[in-house]
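Heads up, the thing below is written out as structure tokens.
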Amino acid sequence: MVLSKIASESDMSIHSTFASRYVRTSLPRFKMPENSIPKEAAYQIINDELMLDGNPRLNLASFVTTWMEPECDKLMMDSINKNYVDMDEYPVTTELQNRCVNMIAHLFNAPLEDKETAVGVGTVGSSEAIMLAGLAFKRKWQNKMKAQGKPYDKPNIVTGANVQVCWEKFARYFEVELKEVKLTDGYYVMNPEKAVEMVDENTICVAAILGSTLNGEFEDVKKLNDLLIEKNKETGWDTPIHVDAASGGFIAPFIYPELEWDFRLPLVKSINVSGHKYGLVYAGIGWVIWRNKDDLPDELIFHINYLGADQPTFTLNFSKGSSQVIAQYYQLIRLGHEGYKNVMENCQENARVLREGLEKTGRFDIVSKEVGVPLVAFSLKDNSKHDEFEISETLRRFGWIVPAYTMPPDAQHITVLRVVIREDFSRTLAERLVMDIAKVLHELDMLPARVKAKLAMAEEAAAANGSDSASHHKTDREWELEVTEAWKKFVANKKKKTKGVC
């Protein structure tokens, strides 16, 4: 983060037990030290602090790849000192990027003629890709409005309220009004009918999500395309579609090949996808592909020559490492269609195992869909005793990082837990997670505060039914004794289960 704050006065220096054999003085935490220290000490100090980070493999909040083959790891380390932008110095790296763009364009059914080169670029991630696609839409719309002699100072973009925060960033940073279709109970993606109703002459594009961050669901891009074609005919506009396929772009082509969401639909003009999600590359790579050259205005492309030759560039940043581009090319040729299909089917199967395990507990409603990104989003059927945030927090004791969050408007009263199934999340881990969730539920049920609440609820229910047991109102001392007895039973049961285990 750019924003930061200094900790308390007692936290102003760094100490390292093991590093003391190399260095005896503490290091300032927020200022550069005056003197150098041995490389072994620097390594140990940093390594000790990093031990407190979570385990990336157990971070079920993230869509981002956390495992790659050792051969690819080696390729990445071998190229870590290459600057991706220096095309004249590293022409082979540039060629690999161009191959990736063309492979992904064909994967998304771009209408390319024989020997025609695809139009696209590698980015740091889908956030940058979306910024670039949005800028292209804005500039095309402005050029059209100028040519027609109409105002061009109030562009807007239509999305669902379920979009990732990068869309809000684009709207705010580049002064575009964000018109959001609100969610409703049981429908947690953008409604195509409502989206088309919100389109007006100033709409630069409608953004559809192939794989919602909230529940993994694919939005109905084909229906949106058909409705928008009709509206364009009625109004004379030419409002296009961008597909944010950050999560679903490397899933749908392999396990839902008949699903029409990509360049097969005429109004889809650009698509972004995250190579570092289901493209199976470590964090730091995304892609944006345009339908054809006409959809990327020439005035957005810069040409530089101070690195040795004329180089076109259309990115928000300049220098960046080439490792992720090379890793993406490795995955595309290493796995091919067959390998990606196997990985995605395996992820879906493990998601099914987790979903069925959670359903068997009888405690959860499943919010995610079977068709979509391989994840399981679920909420408590009854959160009067404990809520999803408490489950998320307690699961961390077992090493699991499972996020809990509220849905966007107008479904903000729904709270959800979400587990993202990545390539390195096995069936064994899925079964173990279900067991640990069951343990967490039991422990939360038996916490003293919860026991008292449950007993109070039981007493209220008995009173409502006219039971004699409800006629006596318990004193605080009686509550204390009853809760203590329940807690003793809980501890005794835990001891029985762990007897002989060390």
Legend entry - Odd one out for residue 168 among (1) among the acidic types (Asp, Glu); (2) open to solvent by less than 40 Å² (accessible area, probe 1.4 Å); (3) assigned to a helix (DSSP H, G or I): (2)
Inset, instruction - Return yes when residue 38 is in contact (Cβ under 8 Å) with a residue 12 or more places away in the chain and either over 21 Å from residue 279 (Cβ atoms) or not hydroxyl-bearing (Ser, Thr, Tyr) (or both) and no when it is not. - result: yes
Legend entry - Subset of the range 348-367 (residues that are buried (at least 21 other Cβ atoms within 10 Å of the Cβ) and in contact with a Pro (Cβ under 9 Å, 6 or more places away or on another chain)): 350, 351
Legend entry - Selection count, the range 238-277, where residues are open to solvent by less than 10 Å² (accessible area, probe 1.4 Å) and under 18 Å from residue 118 (Cα atoms): 15
Inset, instruction - Would you tally the residues in the range 384-405 being surrounded by 14 or more Cβ atoms within 10 Å (Cβ to Cβ), outside any helix (DSSP H, G or I) and not charged (D, E, K, R)? - result: 7
Inset, instruction - Could you list all residues from the range 69-86 that are in contact with a helix residue (DSSP H, G or I) (Cβ under 9 Å, 6 or more places away or on another chain) and closer than 24 Å to residue 271 by Cβ? - result: 84
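Among the residues of the range 317-328, is there at least one that is in a loop (DSSP other than H, G, I, E, B), β-branched (Val, Ile, Thr) and surrounded by 19 or more Cβ atoms within 10 Å (Cβ to Cβ)? I'd like the intermediate steps shown before the answer.
If we filter the range 317-328 for residues that are in a loop (DSSP other than H, G, I, E, B), which is where we start, we get 317-320, 322.
Filter again for β-branched (Val, Ile, Thr), leaving none.
No, that holds for no residue.
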Legend entry - Every pair of residues 6+ apart whose Cβ atoms lie under 6 Å, when the first sits in the range 213-232 and is crowded, with 22+ Cβ neighbours inside 10 Å while the second is of a type in the set (Phe, Trp, Tyr): 214/188; 215/188; 221/261
Inset, instruction - Please find, within the range 44-73, the residue that is modelled with the lowest pLDDT out of those that are exposed (fewer than 12 other Cβ atoms within 10 Å of the Cβ) and more than 30 Å from residue 376 (Cα to Cα). - result: 49
Legend entry - Qualifying residues in the range 430-446 (those that are farther than 24 Å from residue 406 by Cα and touching a residue at least 12 places away in the same chain (Cβ under 8 Å)) - the one most open to solvent (accessible area, probe 1.4 Å): 431
Inset, instruction - Could you tell me which of the residues 305, 317 is free of Cβ contacts under 8 Å to residues at least 40 places away in the same chain and in the same structural domain as residue 218 (by the TED database)? - result: 305
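Kindly indicate whether residue 117 is of a type in the set (Ser, Thr, Tyr) and in a loop (DSSP other than H, G, I, E, B).
On the way: of a type in the set (Ser, Thr, Tyr): yes; in a loop (DSSP other than H, G, I, E, B): yes.
Against the criterion (of a type in the set (Ser, Thr, Tyr) and in a loop (DSSP other than H, G, I, E, B)), residue 117 qualifies.
The values are calculated or read from the model by the stated rules, or taken from the named source; none is laboratory data. Keep in mind that what you see is a predicted model, and the values were worked out from it rather than measured. FYI the Cβ positions are ideal-geometry reconstructions off the backbone, even for glycines, and counts take in every protein chain you see. For accessibility, only protein heavy atoms count, side chains too; no ligands or nucleic acids. Shrake-Rupley method; radii C 1.70, N 1.55, O 1.52, S 1.80 Å.
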